[in-house]
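Below is one structure; the comments refer to it alone.
The values are calculated or read from the model by the stated rules, or taken from the named source; none is laboratory data. Model, not experiment: these values are computed from the prediction. Heads up, the Cβs are rebuilt from the backbone with ideal geometry, glycines too, and the neighbour counts pull from every protein chain shown. Heavy atoms of the whole protein, side chains included, go into the accessibility calculation; ligands, DNA and RNA do not. Shrake-Rupley method; radii C 1.70, N 1.55, O 1.52, S 1.80 Å.
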Amino acid sequence: MMRSLLAATGLVAVCLLSACDKPPRQRPTERSVLLAEVTPAPGAIASALGQVRQARRATLSFDLAGRVTSVGMHPGDRFAAGQVLATLDPVPARLRLAQARSEALAAHGESLERAEQLRQQTALFDDGAASQTSLTQARAADQVARGKAATADAAVELAQRDLERSRILAPFAGTVVARMAEPGSDLPAGQAVLAVEGEGELEVVASLPAALASVLSIGDTAQFVGPDATVVPARLSHLSGHLERGATTEGIFRVVTAPGRLLPGQWVQLSLAGKSASASSVAIPLTAVVPGAPAGNATVFVFDATHGQVMRRPVTVAAANGDRALISAGLSTGERVVTAGTAFLTDGQAVREFEGDSGLENP
């Protein structure tokens, strides 16, 4: 009897020890999340970041190689149309022009000689004293001489052009933006010497999301806030039909009236009233968007109330409007998305809605 009792006691102890060795069953951790409802965006004001620049601008260089003798302009200097901005050593161009003129004189002299020989051969042929072959040869020689003379004349014009192009003349009145060469430098043809900008007419160049560009037309109006807090109107003048990386396209807006303090190079936020990304666009807080690549593609975490979890979903961000993102694809009105802490979430993670006591409503 005692032996049976000891055996039973040992069996119970073994079972208890085995139970202790098994790891405890862990329940999935629920994270509290802040949610916001997906809302429609009718008549939303789409926006895009753009940079101000002068409508007239140029990078100036010499058409021929040579040594720079002068660059009379520095960044910020103003100049008039036709003003000399930089010069090359003109001696090589002058010598080439003199050589071309000498060759042209010789070619014209030969042409006169061949023309006289043709006249004589024609007279002899008319009198029956010259053969048809001699007349044909005289005509051919005359044509060759005329061709040489025309070639020599073209060489003179090119040499004259080279001499004139040994100076850089301002194509319009404006201001020097950058100086890329110094006197004494030996430059190849086409190397940049000065970057210049015109005066007066300004424009804004912006990268537009593909969905927004699809609803824009030449002549559409936009506006932005200038440096003196005034609203500056602009009008779409050019719209590229090429998508960069399949996501954005370039649009150029001509500034209608520019305030005096608006300078080229400034970044501004363009607003296009009444131009939402598309008729089916929805809006969510910007904080709900998890950026992705390429530009314009992103993801959000959508709350599944039935299963108490979040699901990662790709969306297309068409534009930004203040603190709201306009979504052209991937979401429907009435769904709810996570607006904070998205970096710590995983697809399918169990969550519960955060219920604060502040009384503040979700955006």
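What number of residues in the stretch 70-93 are more than 14 Å from Ala178 (Cα to Cα), in a loop (DSSP other than H, G, I, E, B) and open to solvent by less than 40 Å² (accessible area, probe 1.4 Å)? Working first, answer last.
Step one: list which residues in the stretch 70-93 are more than 14 Å from Ala178 (Cα to Cα), which gives 70, 80-84, 87-93.
Adding the requirement that they be in a loop (DSSP other than H, G, I, E, B) leaves 80-83, 89-90.
Still in the running and open to solvent by less than 40 Å² (accessible area, probe 1.4 Å): 90.
Of the residues in the stretch 70-93, 1 are more than 14 Å from Ala178 (Cα to Cα), in a loop (DSSP other than H, G, I, E, B) and open to solvent by less than 40 Å² (accessible area, probe 1.4 Å).
Need the failing condition index for Ile218 against (1) touching a Ser or Thr at 6+ places or on another chain (Cβ under 8 Å); (2) of a type in the set (Val, Ile, Thr); (3) surrounded by 16 or more Cβ atoms within 10 Å (Cβ to Cβ), just the number.
All conditions pass for Ile218, except number (3).
Conditions: (1) open to solvent by 20 Å² or more (accessible area, probe 1.4 Å); (2) within 26 Å of Ile327 (Cβ to Cβ); (3) without any contact (Cβ under 8 Å) to a residue 40 or more places away in the chain. Ala213 meets all but one. Number of the miss?
(1)
Restricting to the stretch 37-53, name every residue that is in contact with a Leu (Cβ under 9 Å, 6 or more places away or on another chain), open to solvent by 20 Å² or more (accessible area, probe 1.4 Å) and modelled with pLDDT of 90 or more.
Hit for the stretch 37-53 is Arg53, nothing else.
Can you tell me which of (1) modelled with pLDDT under 80; (2) closer than 21 Å to Ile327 by Cα; (3) open to solvent by 50 Å² or more (accessible area, probe 1.4 Å) is the one Glu250 doesn't meet?
The number of the failed condition is (1).
Find the residue count for the stretch 156-180, including only residues that are surrounded by fewer than 18 Cβ atoms within 10 Å (Cβ to Cβ), out of contact with any Pro (no Cβ under 9 Å at 6 or more places or on another chain) and among the aliphatic types (A, V, I, L, M).
Total satisfying the criteria: 4.
Look at Ser217 and say whether it is in a strand (DSSP E or B), in contact with a strand residue (DSSP E or B) (Cβ under 9 Å, 6 or more places away or on another chain), polar (S, T, N, Q) and under 29 Å from Leu263 (Cα atoms).
No.
Out of the residues in the stretch 179-207 that are in a strand (DSSP E or B) and among the charged types (D, E, K, R), state the one that is farthest from Phe79 (Cα to Cα).
Within the stretch 179-207, the subset in a strand (DSSP E or B) is 179, 186-187, 192-198, 202-207.
Those still in the list that are among the charged types (D, E, K, R) too: 179, 186, 197, 203.
Values: Arg179: 14, Asp186: 25, Glu197: 10, Glu203: 21 Å.
Residue satisfying both the conditions and the ranking: Asp186.
Quick one: count up the residues across the stretch 306-319 that are out of contact with any Ser or Thr (no Cβ under 9 Å at 6 or more places or on another chain) and open to solvent by less than 70 Å² (accessible area, probe 1.4 Å).
Matching residues across the stretch 306-319 total 2.
Please indicate, with yes or no, whether at least one residue in the stretch 157-165 is within 58 Å of the chain's Cα centre (by Cα) and not in a helix (DSSP H, G or I).
There is at least one residue in the stretch 157-165 that is within 58 Å of the chain's Cα centre (by Cα) and not in a helix (DSSP H, G or I).
Given the conditions (1) in contact with a Lys or Arg (Cβ under 9 Å, 6 or more places away or on another chain); (2) open to solvent by less than 30 Å² (accessible area, probe 1.4 Å); (3) among the aliphatic types (A, V, I, L, M), report the number of the one that Leu208 does not fulfil.
Tallying (1) in contact with a Lys or Arg (Cβ under 9 Å, 6 or more places away or on another chain); (2) open to solvent by less than 30 Å² (accessible area, probe 1.4 Å); (3) among the aliphatic types (A, V, I, L, M), Leu208 fails exactly one: (1).
Would you point out the residue of the stretch 320-342, among those that are polar (S, T, N, Q), within 23 Å of Thr306 (Cα to Cα) and open to solvent by 40 Å² or more (accessible area, probe 1.4 Å), that is modelled with the highest pLDDT?
Going through the qualifying residues, I end up with Ser332.
Looking at Ala65, is it of a type in the set (A, V, I, L, M), open to solvent by less than 50 Å² (accessible area, probe 1.4 Å) and either over 30 Å from Gly200 (Cα atoms) or in contact with a Leu (Cβ under 9 Å, 6 or more places away or on another chain) (or both)?
no
Which numbered condition trips up Ala173, out of (1) at positive phi; (2) under 31 Å from the mean Cα position of the chain (by Cα)?
(1)
From the list Arg96, Arg67, Arg101, Arg53, which one is outside any loop (DSSP other than H, G, I, E, B), in contact (Cβ under 8 Å) with a residue 12 or more places away in the chain and in contact with a Pro (Cβ under 6 Å, 6 or more places away or on another chain)?
Arg53
Residues of the stretch 115-147 being surrounded by 16 or more Cβ atoms within 10 Å (Cβ to Cβ) and under 60 Å from the mean Cα position of the chain (by Cα), which ones?
Ala141, Asp142, Ala145, Arg146
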